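To keep things clear, I will list the structure first and then write my remarks on it.
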Amino acid sequence: MRTVLFGLFLLVLISGMTSCQSQNSVQMTVTHFRLTNESVQVTSGDPIEQSFSIMVSYDVTDENSEVSKVILAHGQFIDGELQFSQSVTEPTEVTIEVYEGTERKSIGTDTVLRPDSIIEFIAIHRFTTYANYYAVHLIGNDHRSLNESMKFSIVGDFNQLNNFNPKQIEVTVHAAPSLVDGIGDAIVYGPILAVEGEFSVQGDLDAPTLFTVRIAYGSDFFRYRGLEQAHAILEPGVNYRIVPLGNQGKFAVVADRDSLQSRLVSSWQLDPEFVALVDTWVDNRLDATWGMNRQAEEVHENKFLKNFQVAEQCAHMGLTDEVKSRFIEPYKHSYEKTADQIVTMRADALRKILQSTRDPDLVRMIFDLSWRLIDDDEIRSDRDIDEKVAMLRAIEQRMDQDYVDQYITPRATYLLNEKKMATRNSSLRPGQVAPKFTLPTITGDEVSLTEVLSESELVLVDFWASWCDRCIGSFPAMKRMYAKYKDRGFEIVTISIDDTIESWEANSRTLELPWLDLGDSEDGVMNGDSSPTADDYGVLWRHNRIFDSALNTVHSAGMFLTPERIRNFSQRVLPNRYLIDKEGCILTKRFSYGQLEELLTSRWTDTDNVSSRNHILGDA
């Protein structure tokens, strides 16, 4: 019966993919295999290519902790079968990989092979003009437990979820090293294709571990239309299952007994008030997606345009609504307000749990859980950064000072800088006065914005750094523009936010910049993560997830986090540019150099055509 079920399952997949190929010209094949303790067999699906081969192997560690690979099979299939070099006589964790000739074409997929095993999997081959790769998916389950005392299990039946009935569901259960200090291993179960909506995972753990259950769903491979994630603290001796979270297709993971999952997650996640908020969020987001709030959005936009503030010094600009509309503050939909409530409720619950423990492992887990709930959840909130900082402050009270200095303070500082710059950047709109500055050239001469404006009609202020390839890549176009318009009253001021004066000066000289190139220094020192003028102009920091990823690389490698390493990761979003008129007022920002050249051409070929200039500014 199970073989028949797999056959029907594969038939549905292939028929769906045939439709996809005809519509999108993506060539894709799916072949179904059966793995036993003696061989790999082709059972159904698309024929395999002549160069196709599979490797099945396992690792062996000797008494000197040296790891070697034992290859059970590697080669082409003969009459639909690839025989092992030896039979598997005891439970063994093996890796399945796909090759084309001698080149590996897939990421290894692990599973445990037993003497009586029959493991079903498929190999998907997707190739276009630009892509050629395979993916191996286990079918139905990934059972890898080898030690009953360390065993955990997690099962799911997605037919039980409300408003959730996709044709195809892929499940991955994975853990990663701690986000805070890099401790822990990467562990992956799957990917698994659910059969009739069901899947099962079994594995071994020696300690509680935070996992993410990732559900990708849709109608065919590589074109998933949806992604859902839930976080679960899995531990030895506990069984888990997927349950509905409300009535809108969301899900949660619950344990079959008292456990860290029940105390740290289910205690607040299954609270009826929280569940109701999640349902409300889904309903309200659908309303916004379908344009149900369009009337309220228009009222918000009209109110913004009516109340648009222009500095007294900039009253001469006569900004059109078209220009102003580019800087309208986003309308806050009801689902976003609900998201604020959701984020606050779960953050408060986790901080309350944190206050009851000083166990470093538990503190680390609560940190990772709170961080992943914010970064991985599709429920985004304006409170995300605030809640991250609040969690960091709470952890400061639970860990020793060295730990705080190494792992907590850099993140808190970065988050606060990121939020501060986002607020500042948003406030600098057309019609506002550009911040004044006085900065040195590479020869040591001091140049002020006031001085430049007194001699120019239009001034481009552009921030750059020697590590910004996009900035340097734009300089040739800027040089052509500068040569064309510099005698008509157009000036360029680039401001370097490099980490050292030496780096700025060397690169500035090499690039031979013909305009005013200044260094954002303070007391004769340049420091990329402390650039006063960049702060005044709201030059944004990269998203904190990028900073976190860089820190994790350092922690995972066992390196100490020095101030220099922190500075290397604390990069701004560049380029960042403003166009300023003779009165020191911001005309526009966030524009391409093509748009800038169009504006300059319009200004100096028809100086009376104000509406034309405003049109260009509005489209920039």
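The values are calculated or read from the model by the stated rules, or taken from the named source; none is laboratory data. The structure presented is a predicted model; accordingly, all values stated were derived computationally and were not measured. Every residue, glycine among them, receives a Cβ derived from its backbone with ideal geometry; neighbour counts consider all protein chains shown. These accessible areas exclude ligands, DNA and RNA; they are computed on the full protein's heavy atoms, side chains included. Shrake-Rupley method; radii C 1.70, N 1.55, O 1.52, S 1.80 Å.
A few remarks follow.
- Residue-by-residue Karplus 3J(HN,Hα) for region 151-163, coefficients 6.51, -1.76, 1.60, Hz, glycine and proline x: 6, 10, 9, 9, 10, x, 10, 6, 5, 7, 6, 7, 6
- Degrees separating the helix 409-427 axis from the principal Cα axis of the chain, which is the longest one: 50
- J(HN,Hα) series, region 509-525, from Karplus relation 6.51 cos²θ - 1.76 cosθ + 1.60, nearest Hz, glycine and proline x: 5, 5, 7, 6, 6, x, 9, 7, 10, 10, x, 7, 10, 9, 6, x, 10
- Relative contact order (percent, whole number), region 351-449, Cα cutoff 8 Å, 6+ residue spacing: 21
- Three-way shape label, region 445-518, alpha-carbon gyration tensor, a/c 1.5: oblate
- Under the shape rule built on the C-alpha gyration tensor, where the axes satisfy a ≥ b ≥ c, region 78-184 is rounded, since a/c falls short of 1.5.
- Rounded to the nearest 0.05, the FRET efficiency derived from the C-beta distance between Arg114 and Thr212 at R0 = 30 Å is 0.65.
- The longest stretch of the chain left intact once loop-based chymotrypsin sites (Phe, Trp or Tyr not before Pro) with at most 15 other Cβ atoms within 10 Å are removed from consideration, loops following DSSP, is 291-559.
- In this Cβ point-charge picture (+1 for Lys and Arg, -1 for Asp and Glu), region 223-291 has a dipole of about 320 debye about its Cα centre.
- Here's the picture: charge each Lys and Arg Cβ at +1 and each Asp and Glu Cβ at -1 in the chain, and of Val201, Tyr99, Val310 the one pushed furthest to the positive end of that dipole is Val310.
- Estimated FRET transfer efficiency when R0 is 22 angstrom, pair Arg372-Thr289 (beta carbons, to 0.05): 0.30
- Where the chain is the region considered: accessible area per residue in Å², 1.4 Å probe: 46
- Normalised by the number of residues in region 329-401, the mean separation of alpha-carbon contacts (under 8 Å, six or more apart) gives a relative contact order of 45 percent.
- Answer label, with P(r) over Cα pairs in 20 Å bins from 0, in percent calculated from the coordinates and candidates [x] 16, 38, 31, 14, 1; [y] 16, 38, 35, 11, 0; [z] 12, 21, 23, 20, 13, 7, 3, 1, 0: [y]
- Over 27 Å (Cα to Cα) - which of Lys436/Lys479; Lys151/Lys352; Lys303/Lys582; Lys105/Lys151 fall in this group: Lys151/Lys352; Lys303/Lys582; Lys105/Lys151
- Carbon and sulfur %, accessible surface of the chain computed with the full protein complex present, 1.4 Å: 48
- The chain, relative contact order in percent, only Cα pairs under 8 angstrom and at least six apart counted: 9
- Measuring only protein heavy atoms, the 1.4 Å probe finds Ser474 accessible over about 20 Å².
- Note on Leu416 and Val188: the model spin-label points, each 7 Å out from Cα along the C-beta direction, lie 3.8 nm apart.
- Environment charge at Ala135 (Cβ cut-off 12 Å; Lys +1, Arg +1, Asp -1, Glu -1): 0
- Amide proton proximity set for Gly45, modelled H, under 5 Å, gap of 5+: His32
- Nearest-0.05 FRET efficiency for Lys352 and Val404, computed from C-beta distance (R0 25 Å): 0.75
- Annotation: amide H of Ile495 within the under-5 Å range of Asp462, Phe463, Trp464, Leu518, sequence separation 5 or more or interchain, hydrogens built in the peptide plane.
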